[in-house]
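Let me begin by presenting the structure, written as structure tokens, before commenting on it.
The values are calculated or read from the model by the stated rules, or taken from the named source; none is laboratory data. Note that the structure is a prediction, hence the values are computed from the model and not measured. Heads up, the Cβs are rebuilt from the backbone with ideal geometry, glycines too, and the neighbour counts pull from every protein chain shown. The accessibility values were calculated without ligands, DNA or RNA, using every heavy atom of the protein model including side chains. Shrake-Rupley method; radii C 1.70, N 1.55, O 1.52, S 1.80 Å.
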Amino acid sequence: MFSQNKKTFCKKRYMQMLKDEIFLLGFVEVLESAGDRQGASLVREKLYELRNSRLQLKELIS
């Protein structure tokens, strides 16, 4: 039972991380088009961290 709940939680967390990643990609584009290269760089760093975490979670789910 517990392992099933954990797996369901991980799947939901994975989907939320994917949504966050898509949002951050769009946000980076907006910042770059506004000319804020430093802000875009900071958001891009967080984006890469999020992407790596999401891919690690995907390995746990599989």
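In the condition set (1) in contact with a Cys (Cβ under 7 Å, 6 or more places away or on another chain); (2) not in a helix (DSSP H, G or I), Gly35 is compliant with all but (1).
Among the residues of this structure, Gly35 does not count as one that is over 16 Å from Glu59 (Cα atoms) and surrounded by 10 or more Cβ atoms within 10 Å (Cβ to Cβ).
I'd like the full set of residues that are out of contact with any helix residue (DSSP H, G or I) (no Cβ under 7 Å at 6 or more places or on another chain) and open to solvent by less than 90 Å² (accessible area, probe 1.4 Å), limited to segment 8-24.
Passing the criteria: Thr8, Gln16.
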